[in-house]
Amino acid sequence: CGRPSILVPFPHATGDHQTANAKAFVDAGAAAMIRDANIEKELYAALMELMADCPRRVAMAERARSQARPDAAIRIVDILEELVR
């Protein structure tokens with residue numbers, strides 16, 4: 001969607017995959033991440049910091065857009081069809 005975000009991965013997800021997924025966006029500069037255990041202490045400050053920094057929001061949005069895979073569903077179907085053959 002090309003929007004900056006603050007991600008809070010579910011800490012009990014199998015294999016902590018949500019943290020790994022969030023980290024990929026953080027590493028790309030497309031998002032910030034807060035651990036669930038720290039949400040009460042850190043979320044407000046993170047929101048205020050992001051809201052006060054328009055250039056950062058714009059950059060995060062551009063980087064988020066660069067991570068998009070709008071054809072993902074079609075690619076998955078193509079792979080599945082190939083596996084069936």
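The values are calculated or read from the model by the stated rules, or taken from the named source; none is laboratory data. Not measured: the values here are computed from a predicted model. Using ideal geometry, Cβ is built from the backbone for each residue, glycine included, and neighbour counts are taken over all protein chains shown. Surface accessibility is based on the protein's heavy atoms, side chains included, excluding ligands, DNA and RNA. Shrake-Rupley method; radii C 1.70, N 1.55, O 1.52, S 1.80 Å.
Points to keep in mind about this one:
- Identity of the residue in segment 63-75, within 10 Å of F25 (Cα to Cα) and not polar (S, T, N, Q), that ends up surrounded by the fewest Cβ atoms within 10 Å (Cβ to Cβ): R63
- Residues satisfying the stated conditions in segment 47-84, i.e. over 15 Å from the mean Cα position of the chain (by Cα) and small (G, A, S): A52, A72, A73
- Selected residue (criterion: most open to solvent (accessible area, probe 1.4 Å)) from residues of segment 2-23 that are within 16 Å of A59 (Cα to Cα) and small (G, A, S): S5
- Residues of segment 26-72 satisfying the condition of being over 13 Å from L7 (Cα atoms) and touching a residue at least 60 places away in the same chain (Cβ under 8 Å): E62, R65, A68
- Selection of segment 37-62 for residues being open to solvent by 80 Å² or more (accessible area, probe 1.4 Å) and not aliphatic (A, V, I, L, M) yields E40, K41, Y44, E49, P55, E62.
- Meets criteria (among the basic types (K, R) and without any contact (Cβ under 8 Å) to a residue 12 or more places away in the chain) for R75: yes
- When I79, I34 are checked against the criterion of being open to solvent by 60 Å² or more (accessible area, probe 1.4 Å), on the phi < 0 side of the Ramachandran plot and not acidic (D, E), a single residue qualifies: I79.
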